[in-house]
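A short worksheet on the structure shown next.
The values are calculated or read from the model by the stated rules, or taken from the named source; none is laboratory data. Here the structure is a predicted model, which is why all the values come from computation and not from measurement. Glycine also receives a Cβ, built like all others from the backbone with ideal geometry; neighbour counts cover every protein chain displayed.
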Amino acid sequence: MIGIVDYGVGNLASVRNAFEAIGAPAELIRDAGGVARAERLVLPGVGAFGEGIAKLRAAGLVDVLRARVLDGGVPFLGICLGMQLLGRVSHEHGLHDGLGWIPGEVRRIAPADAALPVPHVGWNDVTPRVNGTLLGDRPLAFYFVHSYHLIPEDSGVVAGTCRYGADLVAAVQRGHVMGVQFHPEKSQRDGLAVLRRFAAWPAVA
């Protein structure tokens, strides 16, 4: 079972529906028991970083997720805000500590081309950085909606980039811990392909 963490941030029904469309059983989970049952974990989210991490902590899910994913080897996928929460710290409306699973900072997009609007909204091509990752080995198109982005400290975790005045990190991966800045559930064929790969990702023994 794929557990979609429901911590009160964003519309999660579309993520569940996307997994159901590829034949992968998924359910919304809200407590430690749900996290313990899940064979794979998805952390979606939209909105501000500070509110997101506060709600995740208030739900008592930070420690149980860490134990299940980092210690238990359960495959994990952060989507949009969920990817940003993997970082060490965010500068969105103040300074906020994140999960720290992917060391790095979340900062506002600052495109070199002043004509480019922020937020970055719409379809964009993503180029995989490493073959055999969650993104596969060919350029794909995904739907984005974000004003902030994760800048990892280790370039080796960057799984894919998109061009928006400059290269932005569109996906990160450290073993079974993965994150995508785009919305695979809104990205039609290419998005479903990413979710299909994640649904088949093996747990770490």
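List of remarks:
- If you go through region 1-48 and keep only what is among the aromatic types (F, W, Y) and at pLDDT 95 or above, you end up with just F19.
- Candidate set from region 1-52 (those that are basic (K, R) and touching a Phe, Trp or Tyr at 6+ places or on another chain (Cβ under 9 Å)); member that is nearest to D190 (Cα to Cα): R40
- Search result, residues across region 67-78 that are in a helix (DSSP H, G or I) and in contact with a Phe, Trp or Tyr (Cβ under 9 Å, 6 or more places away or on another chain): R68, V69, L70
- Members of region 72-104 that are in contact (Cβ under 8 Å) with a residue 40 or more places away in the chain, out of contact with any Lys or Arg (no Cβ under 7 Å at 6 or more places or on another chain) and β-branched (V, I, T): I79
- Counted residues, region 79-138 - those being over 15 Å from the mean Cα position of the chain (by Cα), in a loop (DSSP other than H, G, I, E, B) and closer than 18 Å to G50 by Cβ: 7
- Looking across region 52-71, the residues that are farther than 19 Å from P103 by Cβ, touching a helix residue (DSSP H, G or I) at 6+ places or on another chain (Cβ under 9 Å), surrounded by fewer than 21 Cβ atoms within 10 Å (Cβ to Cβ) and in contact (Cβ under 8 Å) with a residue 24 or more places away in the chain come down to G60, V64, R68.
- Residue tally, condition closer than 19 Å to L195 by Cα and surrounded by fewer than 19 Cβ atoms within 10 Å (Cβ to Cβ), over region 23-51: 7
- Residues of region 131-145 that turn out to be in contact with a helix residue (DSSP H, G or I) (Cβ under 8 Å, 6 or more places away or on another chain) and modelled with pLDDT of 90 or more, as a count: 6
- Residues that are among the small types (G, A, S), outside any strand (DSSP E or B) and farther than 23 Å from G73 by Cα were ranked within region 139-178; the one that is nearest to the chain's Cα centre (by Cα) is S147.
- Residue within region 49-58 that is closer than 20 Å to A200 by Cβ, of a type in the set (K, R), out of contact with any Cys (no Cβ under 8 Å at 6 or more places or on another chain) and modelled with pLDDT of 95 or more present: no
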